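Novice: The structure's right below; bear with me while I get my questions together.
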Amino acid sequence: MPKISPPQVVKVTYVEDITCNAIQLVHIETGARVLKLESADVEKMFIVAFRTPPPDDTGLPHILEHSVLCGSKRYPLKEPFTNLLQSSLQTFLNAFTYSDKTCYPISSRCLADYTNLSNVYLDAVFQPNITESTFQQEGWHLHVTGDKEEGESKKEGETKEESEEEEEGSSKDCAACIKGVVYNEMQGAFSDALSLLYDESEQALFPDTPLGNCSGGAPEAIRTLTYERFTEFHRTYYHPANASVIVYGDCPLETELQTLAEHLAPFKKTTDPVPPMPMQTPFKEPTLCRVPYPGDNMEKGACLGLAYQIGDVRDQTELYALTLVDTVLNDLPGSVLKEAVQKVVGSYHSCLDTHLAQPMITLVGQQCAASDWETFEKCILDTLKEVVANPPPLESFYAALSSLSFSLREPPQGEPRGLQLALRVLRTWLYDHSTDGSGEETDMCLTLMHTDMHINALKAKMESEGVGYFVSLIEKYFVNNTHRAGVIVEPKADLEKERAAEMEASIKAMFDKDPTLKERARAETAELLKRQSDTDSPEALETLPKLSREDLPASVDNFPVVETTTPMGIKAVSHDTSACGGKGLAYVRTYLEVSDLATPEEISSASLLSSLLFSVASKTMSYAEMALAVERYTGGIAVGMSSSALPYAPQNLSGSPEERYRTIITLSVRMLSENTQKGMELLVDALAGFDEALGDRARLLEVITEMISSMETNLLRAGNALAAMRAKAHFSGKAHTQDCSGGLSYLHFLRKCAAILAPPKTEGDAEAPVDTTAADAFVDGLKTLWKRIFVNEPSRALVSVGVEPEQMKPTFKIVDATIGAHMGIKALPRSVLSARWRFLPMPAMAPLPGTSEVILSPSAAVSYCAQFGKVKQTEKGEAVSRGEKAAPLKDYMLSSSQDMFASHVLSTGYLWDEVRVKGGAYGSSCIATTDNMIGCTSYRDPNVTNTLSLFRGAPQNLREQSLTDEELLPLLIGTIGSLQRDLSPAGASLCATSRYICGRTPEIVDAEYQHLLAMSVEDLKQFGGKLEQCLGEGHWCVLCSEGTYQESGLKADVETKL
């Protein structure tokens, strides 16, 4: 066995900005670099990253990222990654490919689990079992099933029944096709106009470097990649000398170094190290490229982009300054460049990418035609020159600086803090190898950890040079910068058919060139399917490190709230955020009950009002001035509408339990505690001027057009969520409400609103009066609904405050002085004020008509499937008594613990194996909601009909489970791991209030957990029965292209266009 030598300490630095000791180390024998961020944080994090410049468009880095997690030398299982998802207490477990690097992060609060996960990931990246079948599964393969042509004989010894069984579930078009998880994923990405624009912009800016290639992989190039090149790429780029490892948290450094040393021991320093990323020579002239995507909206379906190379990774102070320039010019309502460009395109935004050695920014126009390019480009160039001549006030840059400072200070919501810091380190650390060609290395490891240093340097520049500093940057990187590229992504109606025909022709050419290929491919496909169906041996399973029941937490995260009233009597709840890193931060949310909205149009109108509130003028400010004030004094003000199920609602609430839900508008303000007064004053100023601001029809149309563009992109990207929402909306009033407030029905509503507000096209006499009757009625309706929702209706409101204990009383006083005063609290009797936040009577919302639906989109090169149903009512009041501390779950007809457990088992087991691994979809899951709806979804799926059939096979899979207690425990552990909540102050405060609103008391949360600890195989079988009943109702929805729908043979009750 090789001698084990741990990495050696090179440098120790205390970084005050993140309150961590930063210990830099190097492994002498291999050259691997290590950074330990020593912290008291119990959420430990490990990441190993490699520089992986793509040599071409075959997607080598991306396919390898998927493949190394499919078994390794020490852990020879089919997919250890899936095993870990099933059986660990991870709080983060993933891998991702950037344009020039690949990262493998894990996180866990349990020390034993953290060590286990680190071991599995280290063995995966350094010694993977990347077999040819793994390459075929994750990358691509020629998939040939049955459908033998006339004259072809069965395989020797194959019976007719066996031949037919092989063909079952394969449509005729899949008799010979290309399959692979990454291949299917990238087919979806190459049908997304905005994703294409971002990728093409980067490639156009850096054509002479690896960034000129597509790291994710272009579908037509992926199918040229060979297994030999695939394995060679791993040997070259996954050597420890090219590895950067970051560990964070309270794990002893000695333990982490020992783990690392064991995995580095077999390696020596390479004689052929990975060279630094080459830099692109600046362009002497701008370039322009055109790229098609599947689409049929020639008038408004194009995406236009103007990309600039800006800044240098070695100068982070300047990059922060360019971030401010981006915010002031592009990101805010009223931003000067945004205002100008939106007059020539329907929607506009920018995308700043500072994760590259040569950072870039792309200015994006949507809702336009490809022929608008020249006007789009000219408008940008002319406006930038005008900005230099008449720059925005310095105050606007100070406002953007305040927002940036808040974002750098606030703990991240939704991801571990350690991961946030590690990704920040990697933005500079991977580029400290002579980026200027001098041959000298610079230590850029901790550059972005010293945030205060860069912010203070930027403030000094602003104080000494004023707005002139930013003008000089705009001149240098925009006005006088010839290193820019234009990109036109334009719709092409028959592109999907052309691509399908090209693929078929390519396959035919391969068969014609090599007459034996088809039979070899059929044999390889059969072998791959067999391997995918095989289970891991007991010996292989035994190699995977395991947790014991003793490693489980004693209880789940509980975020208690204090139910109270403000001094003036507003109903309120408070949550102490000091233990979650919330020092000096304040989170105030005002919840407005709107459950009495009776029609789809009322619900959609209320959702629109929510979105408009901070996009129009306030009482004392224009919308541009308000946007700057929000940047200056808060970390953001968000307004949104949601519907929450109420399984634990009070007994006096009308309606059966499965129909109980609340529809709520939330006004959320996050800020420094010292800015609470100002933040709440901004909220009230917006509320006070909203009625009058709704009369600005031109502004309403502008905002609604932006919303339409954003929704068209986002709904397609999250096609699985859209399909699930629509499938449920065909039998659930609550789901229909959600669809009307943020789904496809809402998108259709917005398009209708835009049509009403748009000035009619004049023909003939341009001076003729314009009929504004419909627009007048629309605006009047919005005003009437807003008064009904908010004005003088304090009993609709609940205020949630998340702050440190010493800030509770001052914050409640501010709430009274702002929200309370605006709502006229003083005029109301005390008896009304002290009442519980009331439940409004909820009208019955009818589901959508029909049982099944297909949503057609010409841009959907891959599909998204969902099938759901509602569990029929069972006995009520059943006590949960399996755990010692279990308490009855009052009036709750389903065991939520059983649902969580069985959904986890299906999502990481049967559905993963059948829909993702064998079927080639990018993902699939089982979902059980708290209002008794259960179903399955798939993501970027090439097999619509087969997937729906597989969904229906899930109940049988559960009923046939015969797991022992020992086999059941890892699945239980994985379920509990998925329940661990976001520990950020924003996340903890939100979770605490959401549980209060839904009636989930700490006692109920604990009862659910104790029930979960007692799960058995019988619970899986019971859930299987519920799932079978739900799927048997036939409520399905598929998002796909017209061609896919026709070929599938499906017949939906409802056909809808996206």
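Novice: Counting pairs of alpha carbon atoms under 8 Å apart in space and at least six apart in sequence, what relative contact order in percent does the chain give?
Specialist: 15
Novice: Residue 11 to residue 408: extension gain in nm, 0.36 nm per residue of separation minus the Cα-Cα distance? Present the calculation step by step, with values, prior to reporting the outcome.
Specialist: Numbers: separation 397, 0.36 × 397 = 142.92 nm, distance 2.47 nm.
Taking 0.36 nm per residue and subtracting the Cα distance, the gain is 140.5 nm.
Novice: Turning to a different aspect of this structure: Ordered by residue, what ³J(HN,Hα) values in Hz, to whole numbers, does segment 525-540 give under the Karplus form 6.51 cos²θ - 1.76 cosθ + 1.60, where θ = phi - 60° and Gly and Pro are x?
Specialist: In residue order, the calculated couplings are 5, 4, 5, 5, 4, 5, 4, 5, 7, 5, 9, 5, 6, x, 5, 5 Hz.
Novice: Taking K and R as +1 and D and E as -1, what net charge do the other residues with C-beta under 10 Å from the C-beta of residue 1029 add up to?
Specialist: Working: positive: 870, 872, 1026; negative: 1028, 1033.
Result for the neighbourhood of residue 1029: +1.
Novice: Filter the cross-link list 101/268; 73/546; 571/872 down to pairs whose alpha-carbon distance in this structure exceeds 25 Å. It would help to have the intermediate numbers written out before the result.
Specialist: Working: 101/268 22 Å; 73/546 17 Å; 571/872 36 Å.
Table pairs above 25 Å Cα-Cα are 571/872.
Novice: With just the Cα atoms defining each centre, how far is segment 476-490 from segment 302-376? Give it in Å.
Specialist: Here the answer is 10 Å between Cα centres.
Novice: Here's something else I'd like to know. Please find the FRET efficiency linking residue 459 to residue 254, where r is the Cβ-Cβ separation and R0 is fixed at 41 Å, and quote it to the nearest 0.05. Don't skip to the answer; put the middle values down first.
Specialist: Values: r = 41 Å, r/R0 = 0.99.
Efficiency at R0 = 41 Å is approximately 0.50.
Novice: Sticking with this structure for a sec: In whole percent, and with a 1.4 Å probe on the protein chains, what portion of the accessible area of the chain is carbon and sulfur? All intermediate terms of the calculation are to be shown ahead of the outcome.
Specialist: Details: 21350 of 41570 Å².
Whole-percent figure for carbon plus sulfur exposure: 51.
Novice: Using a 7 Å offset from the Cα along the Cα-to-Cβ direction at both residue 556 and residue 771, what is the distance between the two label points in nm, to one decimal?
Specialist: Modelled inter-label distance: 5.7 nm.
Novice: Further, regarding this structure: First select every other residue whose beta carbon is under 12 angstrom from the beta carbon of residue 854; then total the charges, Lys and Arg +1, Asp and Glu -1. Before the final figure, lay out the partial values.
Specialist: On the way: positive: 726, 1051, 1057; negative: 853, 1042, 1053, 1055.
With Lys, Arg at +1 and Asp, Glu at -1, the neighbours total -1.
Novice: Find the centroid of the Cα atoms in segment 897-955 and in segment 983-1000, then give the distance between the two in whole Å.
Specialist: Here the answer is 28 Å between Cα centres.
Novice: For the peptides 277-286, 180-189, what is the packing order when you average, over each peptide's residues, the other Cβ atoms within 10 Å and list the highest mean first?
Specialist: Numbers: 277-286: 14.0, 180-189: 24.4.
Per-residue mean Cβ counts within 10 Å order the peptides as 180-189, 277-286.
Novice: I would also like to ask the following. Can you check what the net charge comes to around residue 12, using other residues whose Cβ is under 10 Å from the Cβ of residue 12 (Lys, Arg +1; Asp, Glu -1)? Walk me through the numbers on the way to the answer.
Specialist: Working: positive: 11, 36; negative: 38.
Here the charged neighbours net out to +1.
Novice: Shifting gears a bit: Let me know the whole percent of all Cα-Cα pairs from segment 899-957 that are separated by more than 13 Å.
Specialist: Values: 926 of 1711 pairs.
Summing the P(r) tail past 13 Å for segment 899-957 gives 54 percent.
Novice: So what is the calculated 222 nm ellipticity per residue for the chain, using -39500 (n - 2.57) for each DSSP H run with n of 4 or more, over all residues, to the nearest 500 deg cm²/dmol? Walk me through the numbers before you get to the answer.
Specialist: Numbers: 38 runs with 441 residues, N = 1058.
Here the helix-only value at 222 nm equals -13000 deg cm²/dmol.
Novice: At q = 0.15, 0.22 Å⁻¹, work out log10 I(q)/I(0) for segment 287-395 with the Debye formula, treating every Cα as an identical point scatterer and leaving solvent out; two decimals please.
Specialist: -0.69, -1.25
Novice: Of 338/492; 459/809; 918/1021; 530/870, which ones are farther than 26 Å apart at the Cα? Write down the numbers at each step before the final one.
Specialist: Details: 338/492 28 Å; 459/809 34 Å; 918/1021 24 Å; 530/870 35 Å.
Result: 338/492; 459/809; 530/870 exceed 26 Å.
Novice: Sticking with this one: Accessible surface of residue 813 in the full protein assembly, 1.4 angstrom probe, to the nearest 10 Å²?
Specialist: Residue 813 exposes around 130 Å² with every protein chain in place.
Novice: Using bins 20 angstrom wide from zero, how does P(r) for the chain break down, in % of all Cα pairs?
Specialist: Whole-percent P(r) values from 0 Å outward: 11, 42, 40, 7, 0.
Novice: May I ask you to give the solvent-accessible area per residue for the chain, in square angstrom, as obtained with a 1.4 angstrom probe?
Specialist: Values: 41570 Å² over 1058 residues.
Roughly 39 Å² per residue, with all protein chains present.
Novice: Relative contact order for segment 269-413 using alpha-carbon pairs under 8 Å, separation at least 6, rounded to a whole percent? Walk me through the intermediate numbers first.
Specialist: Working: 162 pairs, mean separation 38.5, N = 145.
Here the relative contact order equals 27 percent.
Novice: Subtract the Cα-Cα distance of residue 534 and residue 1054 from 0.36 nm times their separation in residues, and report this length gain in nm to one decimal. Don't jump to the answer; show the numbers that get you there.
Specialist: Values: separation 520, 0.36 × 520 = 187.20 nm, distance 3.93 nm.
That works out to 183.3 nm of additional length.
Novice: Related question: Which residues does the label zone of residue 564 cover in segment 971-999, counting backbone N under 18 Å from a point 7 Å along Cα→Cβ?
Specialist: The answer is 989-990, 992-994, 996-997.
Novice: Could you work out how far the C-alpha centroid of segment 522-586 sits from that of segment 661-704, in angstrom?
Specialist: 34
Novice: Let's see if you can work this out: charge +1 on each Lys and Arg Cβ, -1 on each Asp and Glu Cβ, no other charges. What is the dipole magnitude of the chain about its Cα centre, in debye to the nearest 20? Kindly include the intermediate steps, with their values, before the conclusion.
Specialist: Details: 96 positive and 144 negative charges, 503 e Å.
That gives the chain a dipole magnitude of about 2420 debye.
Novice: Mind checking which aspartates and glutamates have their C-alpha under 18 Å from residue 728, skipping anything on the same chain fewer than 8 residues away?
Specialist: Hits, sequence-local ones excluded: 658, 659, 739, 853, 899, 931, 1028, 1033, 1053, 1055.
The values are calculated or read from the model by the stated rules, or taken from the named source; none is laboratory data. Please read these numbers as outputs of a predicted model, since none were measured by experiment. All Cβ positions, glycine included, derive from the backbone under ideal geometry; neighbour counts span all protein chains shown. Quick note on the areas: whole protein, heavy atoms, side chains included, nothing else; ligands and nucleic acids left out. Shrake-Rupley method; radii C 1.70, N 1.55, O 1.52, S 1.80 Å.
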